[in-house]
1. List, please: which pairs have Cβ atoms under 7 Å, are six or more places apart or on different chains, and start with a residue in the range 23-36 that is among the aliphatic types (A, V, I, L, M) and end with one that is surrounded by fewer than 10 Cβ atoms within 10 Å (Cβ to Cβ) and modelled with pLDDT under 80?
2. Can you pull out the helices (runs of 4 or more DSSP H) entirely within the chain that have at least 2 residues that are among the aliphatic types (A, V, I, L, M) and modelled with pLDDT under 80?
Amino acid sequence: MNKLFDKVVDLPFLGEPNDIAVTVQSMKSIPDGWSVSPFIQEVACDHLTYFEHPEGLKALLTALAQF
C-alpha cells in the first residue's frame, strides 16, 4: 500500500522532491523584494504531518528558539 501511495504522490510532481502538496523547489521560490530574507529549512516530513511528525516538531522548536 505504501509503495502505491508513493507512486500516486510522485506522479503529479514528475519525481521532483515534494511534501505531497507542492514541490520543494516551489516552496523555496520566494519573490524578490522582501524586506527580510526568509529562513528556509528542509524538514524530513510531509505537508500533512509538520505538526505531528518528530522531525517537524524538532524543526518548529528550533525555529521558535531563535526568537
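1. Final answer for the pair search is Ile30/Pro38.
2. So the answer is 2-10, 24-28.
The values are calculated or read from the model by the stated rules, or taken from the named source; none is laboratory data. Computed from a prediction, not measured in an experiment: that's the story for all the values here. Ideal geometry is used to build each Cβ from the backbone, glycine not excepted, and the neighbour counts take in all protein chains shown.
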